[in-house]
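What follows draws every value from the coordinates through simple rules; no lab data is involved. Note that the coordinates shown come from a computational prediction; the quantities given were computed from them, not determined experimentally.
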Amino acid sequence: MDEIPEKPTRVSKPSDDEVSPWALAGLGTQFFASILLFVWVGTWLDRRLDTAPLFLLGGVFVGGGGSFYLSYRQLTTPRSSPRRNHDTTPKS
């Protein structure tokens, strides 16, 4: 009866090879915001130049394609561990 139960521990940081859920949420927000921005600019240009869906479609493809490319690059780049020393200069 004198034993104190241990508190459950939660791992709040992902391991080195995992991507943080917050980073993925940020990528989703970035993806949405860039498409929204380019669609807004495309709609504005279409109204201004009277070219119905031309710039709107261009905005969708440029915004979506560009943010997909940046998200893909960010997710596929190898992450370096802060515990490793990457100094390659020779020591004298």
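Taking amide hydrogens as placed 1.01 Å from N in the peptide plane, the amide H of Thr51 sits under 5 Å from that of no residue at least 5 positions away in sequence or on another chain. Across all Cα pairs in the range 28-76, the calculated P(r) in 10 Å bins from zero up to the longest distance comes to 31, 43, 20, 5, 0 percent per bin.
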